[in-house]
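Data first, discussion second: the structure below is written as structure tokens.
The values are calculated or read from the model by the stated rules, or taken from the named source; none is laboratory data. Note that the coordinates shown come from a computational prediction; the quantities given were computed from them, not determined experimentally. Glycine gets a Cβ as well: all are built from the backbone with ideal geometry, and neighbour counts include every protein chain shown.
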Amino acid sequence: MRDFVQVNGENGLPAPERYEVAMRSENRLTLRAQGPAGLIVEREMSVDAEGVDVVLTVHNPTSTSLTCTFGLFPEFTTLGEQSVEVWIEKCGAWERIGEIGNDNSLPWGGEDLPAEGVERWAYYIPSRDISVVNAFDGEATTLSFFYAYDNRHQEVDLNLVAENRDCKPGAARSLHASYRVMQGAPAAAAAQIGGEEK
């Protein structure tokens, strides 16, 4: 998983590659790093039998208001399969928004989608009947999926990006995401997480 932080319209850069371990327990890890323009970037990850939860927070300890955007960029394997579907859930109903990596597509590509109204999204590998379902809250305003399939990469990224806006002195902004690997297409898989199948 990669983090992304951009301040005051500068070219977007990955958050620092070097993090310090701020807290560690049996199933939880918090990493902290110095970000651009004095921001503190913190990523908290926890694992349980259901999956992985991640909270990415940017803190502004400076005396200046900073305009920033930030995001979570997780990379998931396609398990060697070339054809992958991307699904979104809106108003309790799942919809397939595209198939990528089929014979008629480029070996890479992607698309940005507004997060408004989207409750969860997922990618699905039909040949394996496996879904990765991503629920999110916090400040996500853009969903950005990226697909790469070639000799070096066999991945799907389900990226979450926060709105580019002010972070006041002493304030913090966060994204929260959960990832669950489930058997079945997204509607059936998501029903295993909670609630009736939609």
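Quick rundown of the values:
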read-out	value
Search result, residues across the range 28-51 that are in a strand (DSSP E or B) and buried (at least 18 other Cβ atoms within 10 Å of the Cβ)	Thr30, Leu31, Arg32, Ala33, Val41, Glu42, Arg43, Glu44
Looking only at the range 76-126, and only at residues there that are closer than 24 Å to Val52 by Cα and of a type in the set (Ser, Thr, Tyr), the one that is modelled with the highest pLDDT	Tyr124
